[in-house]
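The values are calculated or read from the model by the stated rules, or taken from the named source; none is laboratory data. These numbers come from a predicted model, not from an experiment. Backbone-built Cβ (ideal geometry, glycine too); neighbour counts: all protein chains shown. Protein only, heavy atoms only, side chains kept; ligands, DNA and RNA dropped before computing areas. Shrake-Rupley method; radii C 1.70, N 1.55, O 1.52, S 1.80 Å.
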Amino acid sequence: MKPQRLRAIPAVEKVLVALGELALPRPAMVAIVRRELATLRQEKAIPDVAAIVARIRVALDRLGRSRLQPVINGTGILAHTNLGRAPLGADAVAALTTIAAGYNNLEYDLESGERGGRARYLEHNLALLCGAEAATVVNNCAAALVLMLRHLAAPPRPEVIISRGELIQIGGGFRIAEILAASGATLREVGATNRTTVEDYARAIHQETALILKVHRSNFFMDGFVASPDPAALAALARKHRRPLVEDLGSGAVVATETQAPIEHERTPVEALKQGVDLVCFSGDKLLGGPQAGIIAGKARQVRALKRHPLFRALRCDKLIFAALEATVDGYLNHRPGAPGPNAMLDMLRTPLESLHARAERLVAGLTGLPLDAHIGDGHGQVGGGTLPRSRIPSVTVELAPTTMNLQQFAARLRAGTPPVIGTLAGNRFRLDLRTVFPHQDATVMRVVRQVLTAPDQGGR
Ligand SMILES: *Cc1c(COP(=O)(O)O)cnc(C)c1O
C-alpha cells in the first residue's frame with residue numbers, strides 16, 4: 001500500500017483554520033471544504049495537507065470571484081450584457097442611496113394618508129419623455145413583451161402577425177418566436193426574410209388576428225434587396241382593422257443618437273408613437289442608461305388594462321428600480337442640449353476622440369519600464385446590448401503585448417486583478433478600448449497591469 005493512502009484527510013475544522021483569512025461566509029466555506037474533501041476521498045491518492053489546503057483555496061477563490069463585483073470594461077461595448085449593461089448616472093446612484101436604507105412612499109399617498117398607486121411619479125414623467133398618453137414599467141423588455149402578448153393575444157383572437165425578417169434571437173435564449181409561444185400567442189409569419197410589405201400584413205389580417213407586432217432588428221442588419229413597410233402605413237392598416245400595433249424597440253434611445261456620436265439614428269418611442277404605434281416597449285438598461293426595466297408606453301386605455309392584468313403583479317419592479325429609473329428619466333427631462341449628461345451612457349457615447357487619445361498617451365507613458373510593448377491604436381466601440389448593430393463608434397485603444405507571458409495568461413491575470421480588467425484579444429495584442437473605461441479608472445488600470453507583470457505568480461492580486 002502506498003504511504004500517502006494511509007495518511008488521513010484533515011478535518012473540515014483544520015482546513016478552515018488554515019484558510020482563516022478568506023472573507024467568505026463561514027457556512028459557504030464549510031460547504032466548499034466538505035465538497036472538496038468528499039471528492040478527495042473518492043480519489044485514489046491522497047495528497048499532503050498543504051496540497052489539500054491549496055486545492056481547497058482554489059475552489060474557495062473560484063466561489064469568491066463569482067460574487068458580484070465591479071470590473072473595468074475595456075471592451076468598448078457600452079451596454080455590455082455580460083458586464084451589467086448601462087452604468088447608472090450619479091443622480092440614479094444618489095437616488096438609490098436615499099431610498100434603499102429606509103421606508104418610503106412606494107404605495108402610500110402622502111396626501112390622503114392611505115394606500116396609493118405605485119410609481120405614479122415615474123409613470124407620469126416617463127409618459128412625457130416618450131410622448132405617450134401613459135407609461136408603465138415591468139422587470140425587463142422581455143417581460144413587457146410577454147405581458148402585452150398575454151393581454152392582447154388570447155382566444156378567440158390568439159394570432160400575432162409578424163414579419164419573417166423580424167423573428168429574431170437576442171442574446172442567449174431570447175427568441176421572439178419562443179416568447180410568442182410561451183405567451184400563448186399563435187405566430188402568423190408574413191413576408192420574406194428580406195422583404196415584407198404592407199400588403200403582406202393586410203392579407204394576413206382576419207378574424208383571429210390579435211395584433212401586429214414590429215420588432216427592432218437589434219443585433220444584426222440587412223442590406224441589399226430589402227424592404228419593410230412604412231411605419232405610418234402599417235399603423236393606418238392596424239387602425240383600419242381596429243387591431244393594436246405593438247412595437248418592441250429594444251434599446252430605448254430617447255435622444256437623437258446621431259447627434260451624440262457619428263452613428264446612425266435609432267428609432268425613438270416618440271417617433272413610433274407619433275406614427276401611430278399603439279404600444280411600444282424597450283429596455284431601461286440599454287441606451288436609456290438606467291436600471292434593468294421594461295418600459296411600456298402608449299395608449300392610456302391599453303396601459304391601464306395591462307396594469308390590471310394578473311401577470312403585471314408578478315412582473316412588477318421594486319422600489320430600487322423605481323428610484324433609479326425616476327432619476328434617469330428626470331435627468332432627460334431636465335437636460336439642456338450641449339450640457340454634459342444626462343447619464344453615464346450618453347457621456348461615454350459623446351466623449352471626443354481627442355480626450356480618449358490624451359488619456360491613451362498618459363496610460364502608455366505610465367506603463368514604460370514594464371516587460372510589455374504598449375502603444376495606441378484605433379478602436380471601434382459599440383453600443384451593444386442589441387442596439388445599433390451597424391454603428392461602430394470611433395474610439396481609441398491601448399494595445400498591450402507582454403513579453404514575459406503569453407496573451408491568454410496575461411488576459412486571465414488581468415481578469416483576476418482587483419478589480420478585474422476586461423479587454424479583448426486582437427491578433428497578438430490585448431486591447432483596452434478607452435471609451436468604456438472611466439477616466440478615474442486609468443490609474444487603476446495601470447496599477448493592475450503593473451501588478452500582473454511584476455508579480456506573475458500572484459495573478460495580479
Ligand atoms: C434587448 C432586447 C430585448 C430584451 O430586453 P431585456 O430588457 O433584456 O429583456 C427585447 N427586444 C429587443 C428588440 C431587444 O433589443
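Can you tell me how many residues in region 228-246 are open to solvent by 30 Å² or more (accessible area, probe 1.4 Å) and within 21 Å of L145 (Cα to Cα)?
Qualifying residue count for the region: 3.
When you scan region 216-229, do you find a residue that is modelled with pLDDT of 90 or more and not in a loop (DSSP other than H, G, I, E, B), even just one?
Scanning region 216-229, I find no residue that is modelled with pLDDT of 90 or more and not in a loop (DSSP other than H, G, I, E, B), so the answer is no.
With respect to T444, determine if the residue is out of contact with any Lys or Arg (no Cβ under 7 Å at 6 or more places or on another chain) and among the β-branched types (V, I, T).
Judged against the criteria, T444 is a match.
Just name the residue that is surrounded by the fewest Cβ atoms within 10 Å (Cβ to Cβ) out of those in region 67-82 that are within 16 Å of the ligand (Cβ to nearest atom) and not in a loop (DSSP other than H, G, I, E, B). If you could, list the steps in order and put the result at the bottom.
So the first thing to find is which residues in region 67-82 are within 16 Å of the ligand (Cβ to nearest atom), and the list is 77-82.
The next check asks that each one be not in a loop (DSSP other than H, G, I, E, B); those that pass are 77, 81-82.
Working: I77: 22, T81: 15, N82: 13.
Here the answer is N82.
Could you go through region 213-225 and let me know if any residue there is under 21 Å from S251 (Cα atoms), open to solvent by less than 60 Å² (accessible area, probe 1.4 Å), touching a residue at least 12 places away in the same chain (Cβ under 8 Å) and away from the ligand (no atom under 13 Å from the Cβ).
The answer is yes, given that some residue of region 213-225 is under 21 Å from S251 (Cα atoms), open to solvent by less than 60 Å² (accessible area, probe 1.4 Å), touching a residue at least 12 places away in the same chain (Cβ under 8 Å) and away from the ligand (no atom under 13 Å from the Cβ).
Being within 16 Å of the ligand (Cβ to nearest atom), polar (S, T, N, Q) and over 23 Å from V146 (Cβ atoms) is the filter here; which residues of region 247-267 pass it?
T257 - this is the single residue of region 247-267 that is within 16 Å of the ligand (Cβ to nearest atom), polar (S, T, N, Q) and over 23 Å from V146 (Cβ atoms).
Any idea which of E111, E199 is surrounded by fewer than 16 Cβ atoms within 10 Å (Cβ to Cβ), away from the ligand (no atom under 16 Å from the Cβ) and within 26 Å of V270 (Cα to Cα)?
The match here is E199.
Of all the residues that make up region 1-27, how many are surrounded by 13 or more Cβ atoms within 10 Å (Cβ to Cβ) and at pLDDT 75 or above?
Total meeting the criteria: 9.
It is to be established whether one or more residues within region 185-205 are among the aromatic types (F, W, Y), modelled with pLDDT under 95 and either more than 30 Å from T81 (Cα to Cα) or out of contact with any His (no Cβ under 6 Å at 6 or more places or on another chain) (or both). Even if it seems obvious, please write down each step before you answer.
In the first step, residues of region 185-205 are kept if they are among the aromatic types (F, W, Y); the result is 201.
In the following step, the residues that additionally are modelled with pLDDT under 95 were identified as none.
No: zero hits.
Which of the residues belonging to region 260-292 are over 22 Å from A142 (Cα atoms) and within 23 Å of the chain's Cα centre (by Cα)?
Q260, A261, P262, I263, E264, H265 - these are the residues of region 260-292 that are over 22 Å from A142 (Cα atoms) and within 23 Å of the chain's Cα centre (by Cα).
Yes/no matrix, rows are residues, columns are (1) small (G, A, S); (2) modelled with pLDDT of 95 or more; (3) open to solvent by 40 Å² or more (accessible area, probe 1.4 Å):
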{"position": "G423", "(1), (2), (3)": "yes, yes, no"}
{"position": "L432", "(1), (2), (3)": "no, yes, no"}
{"position": "F438", "(1), (2), (3)": "no, yes, yes"}
{"position": "T444", "(1), (2), (3)": "no, yes, no"}
{"position": "V448", "(1), (2), (3)": "no, yes, no"}
{"position": "Q451", "(1), (2), (3)": "no, yes, yes"}
{"position": "Q458", "(1), (2), (3)": "no, no, yes"}
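Give the residue that is modelled with the lowest pLDDT, with candidates limited to residues of region 38-60 that are among the hydrophobic types (A, V, I, L, M, F, W, C) and touching a helix residue (DSSP H, G or I) at 6+ places or on another chain (Cβ under 7 Å).
So the residue we want is A45.
In region 28-62, what count of residues is obtained for those that are surrounded by fewer than 15 Cβ atoms within 10 Å (Cβ to Cβ), within 28 Å of N82 (Cα to Cα) and aliphatic (A, V, I, L, M)?
3
Kindly indicate whether G64 is small (G, A, S), assigned to a helix (DSSP H, G or I) and out of contact with any helix residue (DSSP H, G or I) (no Cβ under 8 Å at 6 or more places or on another chain).
Yes.
Does region 103-123 include one or more residues that are at pLDDT 95 or above, among the aliphatic types (A, V, I, L, M) and over 25 Å from the mean Cα position of the chain (by Cα)?
Checked region 103-123: at least one residue is at pLDDT 95 or above, among the aliphatic types (A, V, I, L, M) and over 25 Å from the mean Cα position of the chain (by Cα).
Which count do you get for residues in region 147-176 that are open to solvent by 70 Å² or more (accessible area, probe 1.4 Å) and among the polar types (S, T, N, Q)?
Narrowing region 147-176 to residues open to solvent by 70 Å² or more (accessible area, probe 1.4 Å): 150, 155-157, 164, 169, 172, 175.
Still in the running and among the polar types (S, T, N, Q): 169.
Residues flagged as open to solvent by 70 Å² or more (accessible area, probe 1.4 Å) and among the polar types (S, T, N, Q) within region 147-176 amount to 1.
Condition first: within 16 Å of the ligand (Cβ to nearest atom), of a type in the set (S, T, N, Q) and open to solvent by 30 Å² or more (accessible area, probe 1.4 Å). Now tell me which residues in region 364-413 satisfy that.
Q382
Limited to region 268-296, what total is found for residues that are near the ligand (Cβ under 10 Å from one of its atoms), outside any loop (DSSP other than H, G, I, E, B) and of a type in the set (A, V, I, L, M)?
1
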